[in-house]
Amino acid sequence: MMKKFLLAAIFLVTFTNVFAATKKAESSNDSDSVKNEEALTTEIAEDEAILESIELEDKSVDTDAEQENKSKKKTSAKKNSSKTSTKASVQSSNQISKKELKDIEDLNAQLVDDEDQNPVFMEETVRRLPPDLDGYDHPLVEKYRKQFLRTGGRKYLAAMVEAGNLYWQYIREKIEEYNMPHCLLYLPIVESSFKPTAKSRSGALGMWQFMENSMKPFLKKTEFVDERLDPWKSTEAAFLKLQDNYKQFGDWEIAIAAYNCGAGAMAKVTKNNPDKDFWYLAENKLLKSETLDYVPKLLAICDLMQNAEYYGLELPEEEDIEEDAFTYIKMTGAVPLSQLALAAGLETSDISSLNTALYRGITIPGYELRIPTELETTITEALEKIKDHEFSNAHVVVKGETLWGISRTYGVSVDAICQANGISENSILSIGKTLFVPILK
């Protein structure tokens with residue numbers, strides 16, 4: 001009798017809940033339906049547990065102590081079941097087959113899988129590799145992360161992979177050599193979009209955007225060569241400068257920000273705000289806007305590009321080019337790159353793109369011309385066919401003249417004359433020697 005009474009009670013409560021849940025479901029949206037199905041699975045399992053408990057109780061020997069324990073179990077089970085009974089309906093145990101139960105469980109599992117397989121974030125299936133700088137989930141970083149996840153941002157990042165193909169491997173090697181944060185691999189994107197000849201409104205040049213007043217002692221500039229425009233030399237120079245910043249500030253985020261605004265400007269800010277990190281300075285707007293956005297933008301790009309699959313980004317494969325793909329020829333004279341390319345049967349860009357530091361398009365004695373290894377023989381043979389460039393201004397040395405005096409006469413630097421003629425500043429000028437004076441327009 002006790003079993004029948006309890007079965008009838010459960011059926012009555014369940015029927016009432018079915019009716020109430022059905023009315024509520026009619027006005028609910030699709031998301032409520034998913035929740036209802038999940039709750040349904042839970043309640044079915046719990047109600048079956050109650051019924052199984054009752055059946056086992058009928059088969060056992062009824063003692064007073066056992067009856068008391070059974071009563072406690074039933075009460076506890078009913079309390080657990082009541083948490084979800086208002087959200088879903090359930091029929092009596094003999095009306096829900098095992099097959100139907102399994103179908104519902106499979107449906108719920110599928111719904112969970114569909115929710116996890118988000119087209120942008122796939123946390124459950126792809127592991128996110130955090131950037132090796134602090135603050136990568138800061139709201140300022142999130143702002144740029146959202147921007148780059150838009151259609152235009154995705155196309156831009158894909159283009160940056162291809163733009164950096166000449167330099168990825170070299171930059172990685174330098175990061176490892178100097179033991180620096182991996183995020184710096186992406187700093188040329190923030191600086192110049194990997195353009196070796198990029199020029200800012202303030203006059204900063206090259207892939208790493210050095211100002212002329214901040215390039216020493218890392219890089220040199222002459223009348224023919226500006227090493228800020230050399231992607232390889234400027235990469236090493238940038239890392240040396242960043243290392244100096246880190247030694248000064250002891251904080252990589254601040255060191256990187258100082259690369260943007262200058263170590264002197266950053267020193268003033270940190271002096272007035274000792275022991276504060278970059279994020280404190282940014283949140284309190286103690287930095288100029290460009291510097292405030294500089295580190296967050298870098299972190300967003302780093303996070304997205306090293307976790308492309310996690311964010312659902314489709315990026316092309318990097319074409320890592322080994323250093324031995326290129327070689328160098330030490331020039332003995334002044335040779336226009338256009339003339340060299342013509343003699344070698346090449347496009348001028350085949351040579352100039354690897355020697356962007358030659359901003360006048362002409363070599364100088366002693367310059368190491370960077371060329372593809374596979375073209376070494378072709379270019380060497382071409383050099384043998386052409387004469388060195390002769391500048392329109394030739395000066396014949398007379399008694400008592402010095403390089404300094406000659407440079408003043410023509411309004412060029414001593415260094416320019418030395419480079420054009422392959423001599424040093426300490427060279428002794430012999431009377432009658434012809435010097436080419438590099439006056440280029």
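At full extension, residue 268 and residue 353 could sit 26.6 nm farther apart than now, given 0.36 nm per residue minus the alpha carbon distance. Convex hull volume per residue, computed on the Cα atoms of region 314-427, equals 146 Å³.
For region 195-264, the square roots of the Cα gyration tensor eigenvalues, ordered a ≥ b ≥ c, give a/c of at least 1.5 with a/b greater than b/c, which places it in the prolate category. Each label was represented as a point 7 Å from its Cα along the Cα-to-Cβ direction; for residue 368 and residue 150 these points are 4.5 nm apart.
Placing unit charges on each Cβ (+1 for Lys and Arg, -1 for Asp and Glu) gives region 264-341 a dipole about its Cα centre, and among 312, 333, 266 the Cα reaching farthest toward its positive end belongs to 266. If the limit is 32 Å between Cα atoms, which of 199/385; 220/268; 155/233; 146/195 go over it? In this structure, 199/385 exceed 32 Å between Cα atoms. Here residue 320 and residue 342 are evaluated by their C-beta separation; at R0 = 30 Å the FRET efficiency comes out at 0.40. Post the alpha-carbon centroid distance, region 158-203 to region 416-431, in whole angstrom. Taking the Cα centre of region 416-431 as reference, the centre of region 158-203 is 37 Å away. With one equal scatterer per alpha carbon and no solvent term, the Debye-computed log10 I(q)/I(0) for region 331-370 at 0.29 1/Å reads -1.04. At a probe radius of 1.4 angstrom, the accessible area of region 160-317 per residue rounds to 44 square angstrom.
Taking N as the residue count of region 159-284, its C-alpha radius of gyration divided by 2.2 N^0.38 Å amounts to 1.07. Under the convention that each Lys and Arg Cβ holds +1 and each Asp and Glu Cβ holds -1, the size of the dipole of region 157-253 around its Cα centre is about 260 debye.
Around the Cα centre of region 238-312, unit charges on the Cβ atoms of Lys, Arg, Asp and Glu (plus for the first two, minus for the last two) sum to a dipole of about 400 debye.
Close amide-amide hydrogen proximity is noted between residue 362 and 337, each under 5 Å apart and 5 or more residues distant or on a separate chain (H modeled in the peptide plane; Pro and chain starts excluded).
Between residue 327 and 371, 373, the built amide H atoms are under 5 Å apart, and every one of these is 5 or more places off in sequence or on another chain. The apolar share of the surface of region 279-372, taken as the fraction of accessible area on carbon and sulfur atoms (1.4 Å probe, ligands and nucleic acids excluded), comes to 44 percent. Rolling a 1.4 Å probe over the protein heavy atoms of region 123-255, with every protein chain left in place, gives an accessible area that is 47 percent carbon and sulfur.
Shown in residue order for region 198-211 are the 3J(HN,Hα) couplings computed by the Karplus curve 6.51 cos²θ - 1.76 cosθ + 1.60 at θ = phi - 60°: 4, 9, 8, 5, 8, x, 5, 10, x, 4, 10, 6, 7, 7 Hz (x for Gly and Pro).
Using equal-weight Cα scatterers in the Debye expression, the normalised intensity of region 234-383 in log10 at q = 0.12, 0.17 Å⁻¹ is -0.77, -0.93.
The values are calculated or read from the model by the stated rules, or taken from the named source; none is laboratory data. Please read all numbers here as calculations on a predicted model, not as lab measurements. Cβ atoms come from the backbone with ideal geometry, glycine included; neighbour counts cover every protein chain shown. Heavy atoms of the whole protein, side chains included, go into the accessibility calculation; ligands, DNA and RNA do not. Shrake-Rupley method; radii C 1.70, N 1.55, O 1.52, S 1.80 Å.
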